[in-house]
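Quick note: the coordinates plus some simple rules give every number you see, no bench work behind them. Since the structure is predicted, the reported quantities are computational estimates derived from the model, not experimental observations. Glycine gets a Cβ as well: all are built from the backbone with ideal geometry, and neighbour counts include every protein chain shown.
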Amino acid sequence: LIIGLVAAAGYWSWREYGEAWTRPQVKVASVEARLPGDADSVLSAHGYLKSERQAAIGAKVPGRVLKVHVKEGQPVQTGDVLAELEHADLDETLAAMKGSLEAQEAALEAMRVSLDKAKSELTEMEVTFAQDERDWVRADQLYRSRSIPTADFEAARSKHLASRSSRDSMTAAVAIAKARRREAEARLRESEARYREAKHQREYMFVRAPFQGVVISKEAEDGESIMPGGLGAASGRGSVVTLADLLHLEVETDVKEDYLSRVKPGQRVSIAVAAVPNTRFGGKVRTIIPMGDRAKGTVKVKVQFDLDEVKRVNHPEKQTFTLFPEMAATVHFQMDGKSVASGQVAPQLFVPAAALQSDAAGKFVWLVVEERVRRRPIDAGDAQDGRVLIRGGLSAGERVVVDPPAGLTENLLVKIAP
């Protein structure tokens, strides 16, 4: 009886576990789907989008906001007015200075007319003096020869002296008129300078865009106080809006020091943005910041998007944007000579090179389906870094046998190695 029970237990154990003990053990790997650019990269790094030109725009002088002329998402051109501070008092000051300037201009014009008149009178007096001088010289000669009486000589002499005195007085008057004109010109220049200063002070009341871009945030509202360098409500807002150029974008990423030798300026990259799946953007390494982070053991690298790539998805004139600052992105640094995929891309399939088999019928792999192996013919491409590109015959996620042992046959039961 005991022998019979042992035999029955052995038979049952064989039926339940014996077949599994005799199955060949195989290692498996899943068919991997990767987008173009990922597979050809020498290094991948994560980072965030930044605008090459982004600034918080504020006023040059403190004041109260009269009106904010823009809103979030609005494109602006260089010189456009973003906001306006209250400036009624400056308008009145400017009007008063303009009146003063016009008065100075009128005074200068009067001085010029007066000077011209004095010069004309001086010219006439010089002519008269010259004639009187000739008459006196002739009278002197005649008097010496006793051809004229003493009274005529004295009259000619007195007339000559009077003409000379009048000429000298008018010469002094012309000199004084010139000095007064110079004084009027100086006052006019001073008034013009003060008027320009007032105009500049009024211009400071207008916050203008320093470059072409898009308003990405509005920090101040109508009626709020603006204080250059302000840090909060107690001291006033420090800026009115934040402006960014959404056509010139870059990715700021950290590269491990161990892999820095794989990166160089100008190197082509493929950029994947998490918010835009199945799409790649071309770019290049703009700069490697010559400063390490010893806490993280990384070096900051800035990667620039190709301008045409950004223009394809960002349209400031339509106020539609796909890429903007602080989006997460992955940068795939490409090998030299490899083309960079861009636009909509389809995933590529890869299997470990050790899974690829071939015989007279062609290339194939062993699939594992419900613990049985199935032979699957495939169209294989190039091998790289231990992986083989699959052009056809497989689907993502299927399991293939890696380093298949000899003796595998169709539908053979196998055991998956841990």
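Quick notes on this structure:
- Averaging the sequence gap over all C-alpha pairs within less than 8 Å and six or more residues apart, then dividing by the number of residues, gives the chain a relative contact order of 27 percent.
- Order of H248, H332 under a 10 Å beta carbon neighbour criterion, fewest first: H248, H332
- Ranked list, fewest to most other Cβ atoms within 10 Å of each Cβ, for S169, S145, S191: S145, S169, S191
- Straight Cα distances below 13 angstrom link K98 to the aspartates and glutamates E190, E192, E197, with same-chain residues fewer than 8 positions distant left out.
- Using the rule -39500 (n - 2.57) for each DSSP H run of four or more residues, divided by the residues of the chain, the 222 nm mean residue ellipticity is -11500 deg cm²/dmol.
- For V369, neighbours were defined as the other residues whose beta-carbon sits under 12 Å from its Cβ, and their charges (Lys and Arg +1, Asp and Glu -1) total +1.
- Relative contact order computed over the range 128-226 (Cα-Cα under 8 Å; 6+ residues apart), in percent: 22
- For the range 212-219, putting each phi into the Karplus relation 6.51 cos²θ - 1.76 cosθ + 1.60 with θ = phi - 60° gives couplings of 6, x, 10, 6, 9, 7, 10, 8 Hz, in residue order, rounded to whole numbers and with x for Gly and Pro.
- What the phi angles of the range 271-285 give under the Karplus curve with 6.51, -1.76 and 1.60, with θ = phi - 60°, is a coupling list of 10, 10, 9, 4, 6, 10, x, 6, 9, 10, 10, x, x, 8, 6 Hz, glycine and proline written as x.
- Two-site label geometry, T128 and D116: point separation in nm, points 7 Å out along Cα→Cβ: 2.2
- Packing-based order for 284-292, 322-330, using average beta carbon neighbours within 10 Å, highest first: 322-330, 284-292
- A straight Cα-to-Cα reach below 26 Å connects K302 with the lysines K50, K256, K264, K284, K311, K338, residues fewer than 8 places away in its own chain not being considered.
- Label positions at E219 and L408, each projected 7 Å from the Cα along the C-beta direction, are separated by 6.3 nm.
- Amide H to amide H, with H built 1.01 Å from N, Q348 comes under 5 Å of R34, L35, counting only residues 5 or more places away or on other chains.
- Charge context of A118, other residues only, Cβ under 14 angstrom, K/R +1, D/E -1: +2
- FRET efficiency, 1/(1 + (r/R0)^6) with R0 56 Å, evaluated for E102 and D152 via beta carbons: 0.45
- Where the Cα pairs of the chain fall when distances are cut into 20 Å bins, in %: 16, 24, 20, 15, 11, 7, 4, 2, 1, 0
- Arranged from fewest to most other beta-carbon atoms within 10 Å of their beta carbon, S225, S147, S163 become S147, S225, S163.
- Within the shell defined by Cβ-Cβ distances under 9 Å, the residues around I378 carry a net charge of +2, with Lys and Arg each +1 and Asp and Glu each -1.
- Counting only residues at least eight positions apart within a chain, or on another chain, the lysines with an alpha carbon under 21 Å from that of K178 are K117, K119.
- Gain upon complete extension [A88, K363; 0.36 nm per residue less C-alpha separation]: 90.6 nm
- Just so you know, the Cα atoms of the range 154-248 work out to an Rg and Dmax of 31.1, 96 Å.
- Choice from V214, V127, V174 showing the highest fluctuation, given a GNM over the chain with Cα pairs closer than 10 Å: V127
- Here r is the Cβ-Cβ distance between R286 and T320 and R0 is 35 Å; the resulting FRET efficiency, rounded to 0.05, is 0.85.
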